[in-house]
Amino acid sequence: MAKKKDTKNCGNITGWQLLLLLLITFLMTTTATAAGEGEVDVSLVYQELEGFGASNVWSGYGLVNLGNSHPEIYDVIFGDLGLDILRLRNTYGYAQYYIDNCEHTVTNGRARTGRPLKIMISSWSPPGSLKSNGSVNGGGDATLAGGPSAYVYNDYADWWADSLAQYASQDMVADYISMQNEPDYDASWESCRFELSQTTSIAGYDAAFEAVYSELCSRMGPDMPKMLAPETAGLNRAGQYISALDDSSHVYGYAHHLYNCSDGGEAGCATNPDNYITSMTNFGSAYDDKPILQTEYSDDSHVTSYEACMDLAVLMHNALVYEGASGYLYWQLTYGADEGLVSITNTSWTINPIYYAFKHYSAFTDPGWYRVDASLDGLGTSFLRMSAYISPDSNQLSVIIINTSASYDVDLDFSFVGFNLESGDVYRTSVSENCVLVGAFDDSVPLNVPEYSIITIALTGVLVPTDCQEVQELGYTLPADLTGNCYVDYADLETIAYYWLYTNCDELDDCDGADFEPTDGAVDFFDFSTFASQWMQCNDPEDSGCISNWP
Ligand SMILES: [Ca+2]
Ligand SMILES: [Ca+2]
Ligand SMILES: [Ca+2]
């Protein structure tokens, strides 16, 4: 009996032990849920978007072959992705086949998807005849020919202008150009060095930029592309190049890459996307006079994992929010195995996880949209990153939320300032979901943001005023509020009194509104009765006692 009891205690589990075990298992395998509030205020407007893009720089033939046999690839890389900008390499004068390949991709992609696609052209190297080493390749700080005293700036500018004419003749009119990809980096492959200003061994970025600007301006006038500068390899030297420019009014926007990302840690921006927050913040505030574009970045060993997807989402958030970037371009749109947003062969393709991080931004915004204020509050929101973008007509609003925590779901209570919701859809990426539509957005219940996920809420609605000035701007002025201060009171009555019995209001701007619709040129009792019907009404959004005469 005693033995049996011992056996039972050692080998079997009592009821309460089972309960405890289940509880521990439950706690270990389920996610804790935190709560918080999210507010999107569309009355606080930040940068205008130039768009989201990627490069088609080295993968010409593969994409041509794939497009010929599987034109659905254009839906993947242009249509579904909502790609706004395609970045190309300028190979005019030495690699016409590359330009032909790009033409094939761009014209077929546009035809298949019906999407507009902006073209950005960067030069890796001018032809060898314009180079100090006679080759398009770099090494030894190869630069423009003609040094140390007669660098061939004008020939280089001619080459750029001729290049753009050639690309345009093949249906690739450049929206943006960057005179030199990474002028601060001497590569063994195609490259060309430019220093801030010319030295005895390296041509000057400042002089070359002015020569190219002048040539394009004289040949193309207002049709010349928007010139970006300086497209340095990282943020580190971008400011130096910008400061050295002769005339900043010739620059449309500031471009840079995100290599050399070493702030606050060893890892690069790809695996530690918060590394560059300080540099991004400083650059954004120093150069907020023009659009900023991050025009190339990747870590080609950080592409195929779900962690890579989450890290890219955070890096893009940081560039857009901390730096105020107006454009973000991933490096290769398509490339070989395990690289690029999409890995391709001549006959097939694989969408890499990072594609979906990019899509959460690119597919739900377009050029001309504006970033608006998005703020988080509450203990549970420390894991979250959130940004929001509104369409130029203010009828679409996209909110992107990233939950960086691997162990906390967050229930987010949403409020919107200046925007009345009509409808919305929730798209989600998680370990098991690739930017899938998970349902309609319901602002009456908290939105669950699962652990380690990305959500885009794509909303439709209308702008509503948040203060009296916006009431006037949006056209919601009460007819009897003649002074436009959102209150119908004695000041408005004074205007009526001033014009009382005037009969020539058609010459006097409708007597400052005292001749009410339908106007008849006179201010009389018909007008007064309209006025009286609104007496003491108000529509000041900041006064809770007033009416809201908007949707
Ligand atoms: Ca887009
Ligand atoms: Ca008034
Ligand atoms: Ca009248």
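The values are calculated or read from the model by the stated rules, or taken from the named source; none is laboratory data. A quick note: this is a predicted structure, and the numbers were derived from the prediction, not measured. Glycine also receives a Cβ, built like all others from the backbone with ideal geometry; neighbour counts cover every protein chain displayed.
Just checking, how many residues over the range 234-257 are modelled with pLDDT under 95 and aliphatic (A, V, I, L, M)? Residues that pass the stated criteria total 1. Pick from Leu437, Leu508, Leu501: which is under 30 Å from Ser362 (Cα atoms) and without any contact (Cβ under 8 Å) to a residue 40 or more places away in the chain? Answer to the check: Leu437. When restricted to residues that are assigned to a loop (DSSP other than H, G, I, E, B) and either hydrophobic (A, V, I, L, M, F, W, C) or surrounded by fewer than 17 Cβ atoms within 10 Å (Cβ to Cβ) (or both), the range 147-164 contains 5.
Right, Glu451: in contact with a Phe, Trp or Tyr (Cβ under 9 Å, 6 or more places away or on another chain), within 30 Å of Ser432 (Cα to Cα) and in contact (Cβ under 8 Å) with a residue 24 or more places away in the chain or not?
Answer is yes for this residue.
Quick grid of which residues meet (1) crowded, with 24+ Cβ neighbours inside 10 Å; (2) under 17 Å from the mean Cα position of the chain (by Cα):
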| residue | (1), (2) |
| --- | --- |
| Lys226 | no, no |
| Ala238 | yes, no |
| Ser243 | no, no |
| Asp246 | no, no |
| Pro273 | yes, yes |
| Ala286 | no, no |
| Leu293 | yes, yes |
| Asp300 | no, no |
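When Gln469 is tested against (1) outside any loop (DSSP other than H, G, I, E, B); (2) crowded, with 20+ Cβ neighbours inside 10 Å; (3) within 16 Å of ligand 2 (Cβ to nearest atom), just one condition goes unmet, and that condition is (2). Can you tell me which residue is farthest from ligand 1 (Cβ to nearest atom) among those in the range 472-496 that are under 17 Å from Pro551 (Cα atoms) and assigned to a helix (DSSP H, G or I)? Of everything passing the filter in the range 472-496, Gln472 is farthest from ligand 1 (Cβ to nearest atom).
Tell me, which strands (runs of 3 or more DSSP E) wholly within the range 342-387 include 3 or more residues that are farther than 15 Å from Asp75 by Cα and not assigned by TED's automatic domain parsing to the domain that holds Ser69?
Of the strands (runs of 3 or more DSSP E) lying wholly inside the range 342-387, those with at least 3 residues that are farther than 15 Å from Asp75 by Cα and not assigned by TED's automatic domain parsing to the domain that holds Ser69 span 370-377.
The single residue among Val40, Val76, Val64, Val57 that is assigned to a strand (DSSP E or B), in contact (Cβ under 8 Å) with a residue 40 or more places away in the chain and of a type in the set (Val, Ile, Thr) turns out to be Val40. Residue-level check: of (1) in contact with a helix residue (DSSP H, G or I) (Cβ under 9 Å, 6 or more places away or on another chain); (2) closer than 18 Å to Asp155 by Cα; (3) not small (Gly, Ala, Ser), Arg193 misses just (1). Do we have Pro367 as touching a residue at least 12 places away in the same chain (Cβ under 8 Å) and under 12 Å from the mean Cα position of the chain (by Cα) here? Yes, satisfied.
In the range 390-399, the condition of being within 19 Å of Val314 (Cβ to Cβ), at pLDDT 95 or above and outside the structural domain of Tyr306 (by TED's automatic domain parsing) is met by at least one residue.
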